[in-house]
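The structure appears below as structure tokens.
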Amino acid sequence: MPNIIYPAGTFTNAKWFSILRDQSEKYLGCIIGSNLFVWNLLTGVVQDVTRVGSSASYLTGTSPNDYHVFSVNDFTFITNRKITVTAQATPGAWTRDKAFVTLNTVVYNSPYTLTINGTAYTYTTPATGVLSVATLMGSLKTLVDGIGAGWSGTVIGAGLYIVGPSEFSISVSAGVTGDALTVMQQTVPNTSGLPLQCTHDYTVKVSNTGVSEDDYYVKFVADDGTSGTGIWQETVSPLVSPGLDASTMPHELVRLAGGTFEFREVSYEPRLVGDINTNPNPSFVGKSLQSMFFYKNRLGILTQDNVIMSQAGDYFNFFGQSALTSVDSDPIDISTSSTKPGVLRSAVPVPQGLVLFSSGEQFIMTSTDDSFGPKSVGIRTLSRYEYDVNVDLADLGTSTAFVTKSPSYSRVFEVETVGSNDSPYIQDLTEAIPELIPSSISLAAGSAQSSMLALASPTSRSVWVFSFYSNGRERLQRAWSRWDLSGTVQYLTIENDVMWVVTLQQSSYVLQKLNIVQSAATSAIQSSNGAKVDPSLDMWKANATTSVDGVNTRVYLPFLPDTSLTLCLVTGTGANAGVVYKPTVFGVDGTGNYAVVSNKNLTASNVIIGYTFNYDVELPKFFYRREDKVDFTAYTVVSRIKFNFGLSGDIQFQVQAGGRDEWDDTGGVKIMNQYLLDDIPMVESGIYCLPIHQRNTNFNIRIQSDSPFPVSLSNITWEGNYNPRSYTRA
């Protein structure tokens, strides 16, 4: 059943996508300008989409190629290829307005000096009597508090936390050897300089050897959340960006309860440890993103020649867990290191690894062990085929199809990986029709279940379909066909033996559902012997609305009329079951557009309405074949050809003699004495014998039908005279 979506012109250069959640929930999405629309695929009803935060300014693309859409369960990630990813702004200066002084030893009759901004503040311990830590640190606190406005000291165990009104310098000296006191502000040489007690969230850098690569930062986490005992925990530098700017990263379209949607920023994890050297930004910062994928429990991103993958199991975290060490679950950031320039555009998970596609080269990303971590992964070149990055890859189950183009036509290749270190199997699916697929192709969809690949262009009504049958790795049958739809194809996808298509026709966008496989449970036509089929009509709808106008019947169209197509009506029930009408008189009233069937009352006939399409198959030449060898040079005369049909309606044949442009009609298949009165004109099976009596290279045959009933050609056999001319074929 077609569903009219919106008037023509509304979605020019739109990005269409589908969200195929499960059997009961399927959605169609569209990005046009800064607007985002979602429809229910099963009903055609528009869904509510709420915009949150920066989502309104993220959709700035002007072409469908500006976006990549990727769905995982209830989440659909939208990547704008025109936006450069940025990091959040770095914080202000890390001011040296704090210090922590630690008491290491208590010495009698000894000066304890704090030198702050060049001024010495000294407390001398008594020579005798009781001298406690609290007394000593309290005396130092009094000195600090007396410096002036904004100065304060807080005793924490055997330490003194000093806060000044602005940056200050400090040094300490105490005891016989001068190390009875130690002080830290922003840096300690190693962990031995960290006090056992401190104030909560006090942050310092552990410099270790003085080389920046082994620096790391720690903060104090007090047990009570204020001060005292606690632990030192690795943290992020106060001078580094806290993380990614989510407004420039891919956004998520989330399905909420009730079928509504929310478009919003993703909550990407911040940088929690290290600095720009020890925990750098992902390599996609400062670049535009190409696409997203999911592999090995990681969310992946492609940008230029880099593959970036999140922490394992933490899909929105692209920063390391520690600046001290690397673990297998850390993010992966690796380059293809190819000598051939190219931007990575697509990624396909396969059993051997992750296949990566750029415009002129294919790669495979593998791991030396099962951990699949930053230390074990590598990328090697798989093949060097041209790939049109503006046409999506098509998944064919165990292989992937991709499109490459010349100025005049398109070619389709199929790649199948066979081992992480072996060359892939790559075959040209268009080898037999090298110049038949136009170069305007920009849409591709594949289905392993339906054994089908479909290609289309938004400027054409044609869908080019590659059908195949495989037994294991052996491709036993393959065929190309062309489907001409009722409008130009704006989008298509295949799922569960159903092709969903958005077409632009007349003055509206139309959503169509095309059943690839007949389903008896949902078929609209049933003969008296129980045979069930769908009508062979475009945009068909059963139980069309009808009304009587005098002696005529008005059949209302569920779509806008298109005079360039042939409208067809079929009665499914009643005394006139199976009767076909092709009305030419149309009108419009308060109910809508209608077609007129003269002198008939069809209000009780379950009228099925749609547009006819032509079934047209031109057969190849006939040659004699023995085992796996075909004899192309023998003198072969075809006497007759027998066509075995399954459940079918009317079928026409045309024959073209060699050297002539005209096609001669030979009549159709109408098996007499087989139809019941007032029943659907179909037979379950039949054989039609077509006399030829011509040399095999001297004629062409076409099978045609514009009947609203199906055509099911089971097999073809031929009889004739084969003369090898006494040659022995090797």
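The values are calculated or read from the model by the stated rules, or taken from the named source; none is laboratory data. Note that this is a predicted model, so its numbers are computed, not measured. Neighbour counts run over all protein chains shown; Cβ positions are idealised from the backbone, glycine included.
Worth pointing out:
- Annotation: of all residues in the stretch 90-111 being farther than 30 Å from SER237 by Cα and in a loop (DSSP other than H, G, I, E, B), the one that is nearest to the chain's Cα centre (by Cα) is THR105.
- Subset of the stretch 487-530 that is aliphatic (A, V, I, L, M) and surrounded by fewer than 17 Cβ atoms within 10 Å (Cβ to Cβ) - its residue that is modelled with the highest pLDDT: VAL517
- For the stretch 432-485, the tally of residues that are out of contact with any Phe, Trp or Tyr (no Cβ under 7 Å at 6 or more places or on another chain), in contact (Cβ under 8 Å) with a residue 40 or more places away in the chain and among the β-branched types (Val, Ile, Thr) stands at 1.
- Subset of the stretch 327-377 (residues that are free of Cβ contacts under 8 Å to residues at least 12 places away in the same chain and within 17 Å of ASN421 (Cβ to Cβ)): THR368, ASP369, ASP370
- The residue that is nearest to GLY472 (Cα to Cα), counting only those in the stretch 395-409 that are crowded, with 17+ Cβ neighbours inside 10 Å and free of Cβ contacts under 8 Å to residues at least 40 places away in the same chain, is SER399.
- Verdict on GLY129 being loosely packed, with under 13 Cβ neighbours inside 10 Å and free of Cβ contacts under 8 Å to residues at least 12 places away in the same chain: yes
- In summary, THR84 fulfils each of the numbered conditions (1) surrounded by fewer than 18 Cβ atoms within 10 Å (Cβ to Cβ); (2) touching a Pro at 6+ places or on another chain (Cβ under 8 Å) with the single exception of condition (2).
- So TYR112, is it farther than 30 Å from GLU269 by Cβ, among the aromatic types (Phe, Trp, Tyr) and surrounded by fewer than 13 Cβ atoms within 10 Å (Cβ to Cβ): no
- Put simply, of THR235, THR226, THR248 the only residue that is of a type outside the set (Gly, Ala, Ser) and over 21 Å from ASN281 (Cα atoms) is THR226.
- Within the option set ASP223, ASP215, being charged (D, E, K, R), at pLDDT 95 or above and under 25 Å from LYS98 (Cβ atoms) holds for one residue only, ASP223.
- Some residue of the stretch 381-394 being buried (at least 17 other Cβ atoms within 10 Å of the Cβ), charged (D, E, K, R), more than 17 Å from the chain's Cα centre (by Cα) and more than 23 Å from ALA456 (Cβ to Cβ): no
- Condition met for ASP22 (acidic (Asp, Glu) and exposed (fewer than 14 other Cβ atoms within 10 Å of the Cβ)): yes
- Top-ranked residue of the stretch 254-271 - restricted to ones that are touching a Gly at 6+ places or on another chain (Cβ under 7 Å) and not charged (D, E, K, R), ranked as surrounded by the most Cβ atoms within 10 Å (Cβ to Cβ): TYR268
- Of all residues in the stretch 317-326, one or more are at pLDDT below 90 and touching a Pro at 6+ places or on another chain (Cβ under 9 Å).
- Taking the stretch 574-611 as the range and being part of a strand (DSSP E or B) and either within 18 Å of ASP538 (Cα to Cα) or modelled with pLDDT under 90 (or both) as the test, the residues that pass are VAL580, TYR581, ASN593, TYR594, ALA595, VAL607, ILE608, ILE609, GLY610, TYR611.
- Some residue of the stretch 196-204 being at positive phi, outside any loop (DSSP other than H, G, I, E, B) and not assigned by TED's automatic domain parsing to the domain that holds GLY29: no
- Any hit, the stretch 235-247, residues being without any contact (Cβ under 8 Å) to a residue 40 or more places away in the chain and either surrounded by fewer than 13 Cβ atoms within 10 Å (Cβ to Cβ) or in contact with a helix residue (DSSP H, G or I) (Cβ under 6 Å, 6 or more places away or on another chain) (or both): no
- Subset tally (residues that are buried (at least 18 other Cβ atoms within 10 Å of the Cβ), farther than 17 Å from THR336 by Cβ and either modelled with pLDDT under 95 or within 12 Å of the chain's Cα centre (by Cα) (or both)) for the stretch 280-295: 1
- Some residue of the stretch 628-638 being at pLDDT 85 or above and either of a type in the set (Phe, Trp, Tyr) or touching an Asp or Glu at 6+ places or on another chain (Cβ under 7 Å) (or both): yes
- The single condition among (1) out of contact with any helix residue (DSSP H, G or I) (no Cβ under 8 Å at 6 or more places or on another chain); (2) under 13 Å from GLY243 (Cβ atoms) that GLU265 does not satisfy is (1).
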